[in-house]
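*Asks:* Sending over a structure as structure tokens; questions will come in a sec.
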Amino acid sequence: MTEPAAAAKGPVKDEHIMGVYKRAPLAFERGEGVHLYTGDGEEYLDCMAGIAVNALGHSHPALVKALKEQGEKLWHVSNIFRIPGQEVLAKKLCDHSFADVAFFTNSGTEAIELAIKTARKYHYDKGQPERIDIIGFEGSFHGRSLAAVQASGNKAYTDGFGPVVGYVNLPYDDLEAVKAAVGPTTAAIMIEPVQGEGGARSAADCYLRALRQICDQTGTLLIYDEVQCGLGRTGKLFAYEWAGAEPDIMTLAKALGGGFPVGVLLATREAASGMTVGTHGSTYGGNPLAMAVGNAAVDELLKPELKQHVNDVAGYFVQQLQGLKARYPDVIDDVRGKGLLIGVKLKTPNRAFMQHARDAHLLIAGGGDNCIRFLPPLIITESEAREALARFETACQAAQKDAGK
Ligand SMILES: *Cc1c(COP(=O)(O)O)cnc(C)c1O
């Protein structure tokens, strides 16, 4: 047995791990499709997919094949050379979106950092260096770098890390607040078309269209963070397609590598016009190994039948969850979200609920506003969804008991 495999079966020994996570006492050894297995062979149904990352489930044959084949050829060179895999993946993403150009990163956060840099540099080059402010929204999540936490405006993440400069935080889905806030120092508006960590809140289509209009009228750039809601999760390739309002800049990650760390910034040629030679870079971003897996993942995610499947299974989930809401009115408050980014707002504490779900061998994600989220692999079948909902109901019964009802 290798050392990590042996450690997974022994007692927790995390004294050398920085204590920024309150981890569930579970270690998985392998995964297949929507199932995860511990070292002891216990099966769990995975409806969080590593926070919307394992969109194709675990050990998807196309991803394993791409990783193995590339792993034996070439892992890494440097962005000072051509990387053909980048050229192919960038074309695929641009052909299927509003964008003209792409830059590959290692994570969603890095794509967000680059989005902010791109927006500021755009205005700087247009002779308006004072336009540095990013307007963000309550309940948003853009990652954990200094710029990303400041853009999200979540005080739990910004307090203790220095002054917040160049960011404005507004309520989600409040058009008047945006109109009042956009001014001569505004560089960009940054929004998740469907909030992930904030609790699966979906912006109204007309709201996104109105943001687009405000941006057009004021020369402000519109940035969509689709790191979580993009790449098929909502039942369209990109969540913004529901509203038909295109951004100038968009970030993707999570599902892009299906578990291999890779993100991307997409932009129109105009919005990216300030990003000239030497203004940005990355050692690892878009290396051949990442591109092999990214290309394989995107090929799967682009299949039209997957879109239909997501819409069908999501419809089933929501219909069943509405039924559970009627049966457990003391536990479930609201069902929301879009596609397979489903939020269930609870009346009982969500942390305790997630433990009840784990006790029933169901993995679900938490979220803001006392939500839990279903973020299953997009390939989840209806019968697997039925099993997930049965386990979810077991957790509802336990939560109802907690509530003394
Ligand atoms: C996860 C997430 C990020 C951050 O991505 P990392 O890969 O963790 O850096 C940014 N934005 C949204 C909407 C996310 O869900």
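The values are calculated or read from the model by the stated rules, or taken from the named source; none is laboratory data. Keep in mind that what you see is a predicted model, and the values were worked out from it rather than measured. Positions of Cβ are backbone-derived with ideal geometry, glycine not excepted, and every protein chain shown enters the neighbour counts. Quick note on the areas: whole protein, heavy atoms, side chains included, nothing else; ligands and nucleic acids left out. Shrake-Rupley method; radii C 1.70, N 1.55, O 1.52, S 1.80 Å.
*Asks:* Residues of segment 74-301: accessible area per residue at 1.4 Å, in Å²?
*Replies:* Numbers: 8860 Å² over 228 residues.
So segment 74-301 comes to 39 Å² accessible per residue, rounded to a whole number.
*Asks:* Run the reach check for K22 against aspartates and glutamates, Cα to Cα strictly under 12 Å, same-chain hits fewer than 8 apart removed. What comes back?
*Replies:* By straight Cα distance, K22 reaches D14.
*Asks:* Hey, another quick one. Take the cross-link list K345/K405; K68/K345; K73/K121 and give me the ones stretching past 29 Å between alpha-carbons. Walk me through the intermediate numbers first.
*Replies:* Numbers: K345/K405 18 Å; K68/K345 41 Å; K73/K121 38 Å.
Over 29 Å Cα-Cα: K68/K345; K73/K121.
*Asks:* Peptides 56-64, 17-25, 36-44: what's the order by average Cβ count within 10 Å, highest mean first? Working shown, then result.
*Replies:* Numbers: 56-64: 18.4, 17-25: 7.8, 36-44: 14.4.
Highest mean packing first, the order is 56-64, 36-44, 17-25.
*Asks:* Once you keep just the Cα pairs under 8 angstrom separated by 6 or more residues, what percentage relative contact order results for the chain?
*Replies:* Relative contact order comes out at 22 percent.
*Asks:* Compute the semi-axes of the equivalent ellipsoid of the chain, taking the square root of 5 times each eigenvalue of the Cα gyration tensor, and list them largest first in whole Å.
*Replies:* Working: eigenvalues 227, 143, 83 Å².
In descending order the semi-axes read 34, 27, 20 Å.
*Asks:* Right, another one. Cut-off under 20 Å on the C-alpha distance; same-chain residues fewer than 8 positions from K92 excluded. Which aspartates and glutamates are left, in chain and number order?
*Replies:* Candidates past the 8-residue exclusion: D100, D225, E226, E241, E246, D248, E270, D299, E300, E305.
*Asks:* A follow-up question, please. Could you order F141, F392 by accessible surface area, starting with the largest, using a probe radius of 1.4 Å?
*Replies:* Numbers: F141 45, F392 0 Å².
Sorted by accessible area, descending: F141, F392.
*Asks:* Just how far, in whole angstrom, is segment 277-323 from segment 105-129 if you go by their alpha carbon centroids?
*Replies:* That distance is 23 Å.
*Asks:* Compare the Cα positions of N54, V344, F98 along the charge dipole of the chain (+1 at Cβ of Lys, Arg; -1 at Cβ of Asp, Glu; about the Cα centre) and return the one farthest towards the positive end.
*Replies:* The listed residue farthest towards the positive side: V344.
*Asks:* Once neighbouring chains are kept in place and the probe is 1.4 Å, which whole percent of the accessible area of the chain is contributed by carbon and sulfur? Before the final figure, lay out the partial values.
*Replies:* Values: 9850 of 18330 Å².
Within the chain, the accessible surface is 54 percent carbon and sulfur.
*Asks:* Projected area of segment 74-301, taken from the Cα convex hull and averaged over every viewing direction, in nm²?
*Replies:* Details: hull surface 47.4 nm².
Approximately 11.8 nm², given one-decimal rounding.
*Asks:* Next question, about the same structure. What is the calculated FRET efficiency for E72 to T381, with r their C-beta to C-beta distance and R₀ = 35 Å, to the nearest 0.05? Don't jump to the answer; show the numbers that get you there.
*Replies:* Values: r = 33 Å, r/R0 = 0.93.
About 0.60, to the nearest 0.05.
*Asks:* Using the basic label-point model (7 angstrom from Cα toward the beta carbon), what is the D312 to E130 distance in nanometres?
*Replies:* Computed distance between label sites D312 and E130 equals 5.7 nm.
*Asks:* Related question: Distance check, please: which entries in K236/K347; K65/K254; K155/K307; K179/K254 exceed 28 angstrom between their Cα atoms?
*Replies:* Numbers: K236/K347 31 Å; K65/K254 20 Å; K155/K307 36 Å; K179/K254 32 Å.
Those over the limit are K236/K347; K155/K307; K179/K254.
*Asks:* Pairs of Cα atoms under 8 Å, at least six residues apart: use those to get the relative contact order of segment 74-301, whole percent.
*Replies:* Numbers: 461 pairs, mean separation 68.6, N = 228.
About 30 percent, as a whole number.
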